[in-house]
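Peer 1: One structure is given below, represented as structure tokens, and several questions about it will come after.
The values are calculated or read from the model by the stated rules, or taken from the named source; none is laboratory data. Since this is a predicted model, take the numbers as computed values, not measurements. Because the Cβ atoms are built from the backbone with ideal geometry, glycine has one as well, and the counts that use them run over all protein chains shown.
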Amino acid sequence: MYARSAKYYDALYRAAGKDYRKEAEQIREVVESRKRSGGNVLLDAACGTGRHLDHLRAWYDCTGIDVDRAMLDIAHERLPDVAFVCMDMIGFKLDRSFDAVVSLFGAVGYLPNGGRLNQVVTDMARHLKPGGVVAIEPWLRPEQWEDGLVNALFVDEPDLKISRMCVSRRDGNVSIMNFHFTVAGRDGIRTFTEPHRLTLFTDAEYRAAFDAAKLAVEYDPVGLNGRGLYIGTKAP
């Protein structure tokens, strides 16, 4: 999905002002205030370019998984001491257990339906030590979606200029964003389009997935940046 845009991903979110350090500190507070497992091993599912792990590794022994090889190549170059595995969240299986499993920045929205959401949260719980914590930052819920929203993000760096624009639309419970990129660098100017489809899961669907995984669930309506955070704890 990010084969063409992965190399620009970090520049885009620098321009957007995304504060990975602050978000990592918030995740640490969430985990440490609830964790009863006693260890410090963390998994970031759908870790992207590893920007959260860049900070989380100060406190945890970290592993990251992502289905996108281009994103993982960037993450590995930045963090050669962190274990990265190219693997889909759906049906993932690792040979270790974790004190915390996180999935951030709405990555679960790429799951196609509630059945897959249940499967992924159950797999997260299966990889969790007794007393461990799962934290999932959701994608937008149906009532939060704004159809026809015009969105643009611009990068203005000395050797890189990017415009990324889209007009959002919805098909049932699926949000559709066809990002149109124009990228200018010293090697020239290129344009391309990148489609993204993310499921608008309801609050009930998120809670049902945690219940199915036998995790005690709570919801923080603010979360890391206003989108909320679902937090599940496994019985000790």
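Peer 1: Only one of these conditions is not met by PRO221: (1) over 24 Å from TYR13 (Cβ atoms); (2) under 18 Å from the mean Cα position of the chain (by Cα); (3) of a type outside the set (Val, Ile, Thr). Which number is it?
Peer 2: (1)
Peer 1: GLY48: surrounded by 17 or more Cβ atoms within 10 Å (Cβ to Cβ), assigned to a loop (DSSP other than H, G, I, E, B) and under 16 Å from the mean Cα position of the chain (by Cα), yes or no?
Peer 2: It is true that GLY48 is surrounded by 17 or more Cβ atoms within 10 Å (Cβ to Cβ), assigned to a loop (DSSP other than H, G, I, E, B) and under 16 Å from the mean Cα position of the chain (by Cα).
Peer 1: Can I ask one more? Give me a count of the residues in the stretch 183-215 that are among the aliphatic types (A, V, I, L, M) and either at pLDDT below 95 or loosely packed, with under 12 Cβ neighbours inside 10 Å (or both).
Peer 2: Qualifying residue count, the stretch 183-215: 2.
Peer 1: Would you confirm whether or not the stretch 64-72 contains a residue that is in contact with a strand residue (DSSP E or B) (Cβ under 6 Å, 6 or more places away or on another chain) and in a helix (DSSP H, G or I)?
Peer 2: Looking through the stretch 64-72, at least one residue is in contact with a strand residue (DSSP E or B) (Cβ under 6 Å, 6 or more places away or on another chain) and in a helix (DSSP H, G or I).
Peer 1: Could you tell me whether GLY39 is outside any helix (DSSP H, G or I) and in contact (Cβ under 8 Å) with a residue 60 or more places away in the chain?
Peer 2: yes
Peer 1: Taking the condition of being free of Cβ contacts under 8 Å to residues at least 12 places away in the same chain and at positive phi, how many residues in the stretch 174-222 meet it?
Peer 2: Adding up the residues that qualify gives 1.
Peer 1: Looking at the stretch 42-74, which of its residues are touching a residue at least 60 places away in the same chain (Cβ under 8 Å) and either under 14 Å from ALA24 (Cβ atoms) or touching a Ser or Thr at 6+ places or on another chain (Cβ under 6 Å) (or both)?
Peer 2: Listed by number, the residues that qualify are LEU42, LEU43, ASP44, ALA45, ALA46, MET71, ILE74.
Peer 1: Regarding the stretch 92-107, can at least one residue be identified that is assigned to a loop (DSSP other than H, G, I, E, B), modelled with pLDDT of 95 or more, basic (Lys, Arg) and surrounded by fewer than 16 Cβ atoms within 10 Å (Cβ to Cβ)?
Peer 2: yes
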